[in-house]
Amino acid sequence: MLFEIVNIQKNNMNHLALITGYIAPGSAWFLMIVIAIVSFIVQWRFKSKFKQYSEIGLLSGLSGADVAEKMLRDNGIYDVQVISVEGQLTDHYNPETKTVNLSPDVFYSRSVAAAAVAAHECGHAVQHARSYAWLSLRTSLVPVINVASTLTQWTLFLGLMLLFFTHNPFVLAIGVAALAVVTLFSFITLPVEFDASRRALAWLNNNYTVMQTREEHEQAKDALWWAAMTYVVAALSALATLMYYASFLLNRRN
C-alpha cells in the first residue's frame, strides 16, 4: 500500500518522507538501540516482578492449575484442557488444540504470580469462546506471519546488498513488505494481550475464594502490567526495524 500511494500521488510521498524517508539509516539504527535498551529494562523488570510475586503464596492455597480450571468453569468453558509444558515463562493458550499451556513454575505454584499468569492465559480461552474479534484476526494471520517471518530472514540483508551494489530495490521491497506484515501482527497482538489481562483481573477481583485480599489483587495487576509492557516494546522494536529498512527505499526515491 505504501508504494501504491507513492505512485498515485507524489505529494503524499513527500509528507511520508518527512516521517520516515528522511530519517537517516543511522538515526533509525540509534532508535533501534534505544528501544533495545528499553526492552531489556522492561524484560528485566517483568522477570524481577514475576520472581517477587512467585515468592508470595496465595492465602487461598490454590495452584496455577487450580486457578485456570476454576476460571474456565466459571466462564462456562469445559472443552479446554489445562496442561503443563516445559520451560520458563512459556505459558500460552493454543486456540487450535484448545489447551491452556502453563509452565511448571505456574502450573504447580501456589503463588500470586502463578494465579495471575494462569488467569491471563485463560483470558485468551474466554476470548476464543466469545469470538473476540482481535484474537480471531490474530489467529487468522498466523499462517501469513509464518511466511512473512521466513521471508524477512533472507530478503532484508540480501536486499540491502543488491540495492547498494546493483541499485535494484526489488528484493528489499519484498523484505520490507514482509516486515510490515510482521510489525502489523505485533500491534494487533497488543489489544489481545491487554484484553486478556483485563478479563483475568476482573475475574480475580470477583473471586474471593481465589484472591482473598486487595493486596493480592494489586500484586497480580502489577505483574500483568509489566508482562503487557513486554509486548508494547516488542511492537515498538518491530516498528523501528521497519523504519530502518524502509528508509533505504524511501531515501533512494528522493
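Checking every residue in the stretch 161-171 against the condition of being β-branched (Val, Ile, Thr), within 18 Å of Ala238 (Cα to Cα) and either open to solvent by less than 70 Å² (accessible area, probe 1.4 Å) or modelled with pLDDT of 95 or more (or both) gives zero matches. Residues in the stretch 90-124 that are under 18 Å from the mean Cα position of the chain (by Cα) and β-branched (Val, Ile, Thr) were compared, and the one that is surrounded by the fewest Cβ atoms within 10 Å (Cβ to Cβ) is Thr90.
When Ala178 is tested against (1) more than 25 Å from Trp225 (Cβ to Cβ); (2) open to solvent by 10 Å² or more (accessible area, probe 1.4 Å), just one condition goes unmet, and that condition is (2).
Tell me, yes or no, whether the stretch 8-15 has at least one residue that is surrounded by fewer than 15 Cβ atoms within 10 Å (Cβ to Cβ), modelled with pLDDT of 55 or more and part of a helix (DSSP H, G or I). No, that holds for no residue. Would you be able to say whether some residue in the stretch 127-138 is among the basic types (Lys, Arg) and either crowded, with 19+ Cβ neighbours inside 10 Å or at pLDDT below 95 (or both)? Scanning the stretch 127-138, I find at least one residue that is among the basic types (Lys, Arg) and either crowded, with 19+ Cβ neighbours inside 10 Å or at pLDDT below 95 (or both), so the answer is yes.
Residues that are of a type outside the set (Ser, Thr, Tyr) and surrounded by fewer than 17 Cβ atoms within 10 Å (Cβ to Cβ) within the stretch 200-225 comprise Ala202, Asn205, Asn206, Gln212, Arg214, Glu215, Glu218, Lys221, Asp222, Trp225, listed in sequence order. Taking the criterion of being assigned to a loop (DSSP other than H, G, I, E, B) and open to solvent by 30 Å² or more (accessible area, probe 1.4 Å), the residues of the stretch 37-59 that qualify are Glu55, Ile56, Leu59. Any residue in the stretch 101-112 that is touching a residue at least 60 places away in the same chain (Cβ under 8 Å) and closer than 18 Å to Leu224 by Cβ? Taking every residue of the stretch 101-112 in turn, at least one turns out to be touching a residue at least 60 places away in the same chain (Cβ under 8 Å) and closer than 18 Å to Leu224 by Cβ.
Considering the stretch 72-89, the residues that are of a type in the set (Asp, Glu) and over 10 Å from Pro104 (Cα atoms) include one that is surrounded by the fewest Cβ atoms within 10 Å (Cβ to Cβ), namely Asp79.
The values are calculated or read from the model by the stated rules, or taken from the named source; none is laboratory data. Computed from a prediction, not measured in an experiment: that's the story for all the values here. All Cβ positions, even for glycine, are placed from backbone atoms using ideal geometry, and neighbour counts span all protein chains on display. Remember, those area values only see protein heavy atoms, side chains included, never the ligands or the DNA or RNA. Shrake-Rupley method; radii C 1.70, N 1.55, O 1.52, S 1.80 Å.
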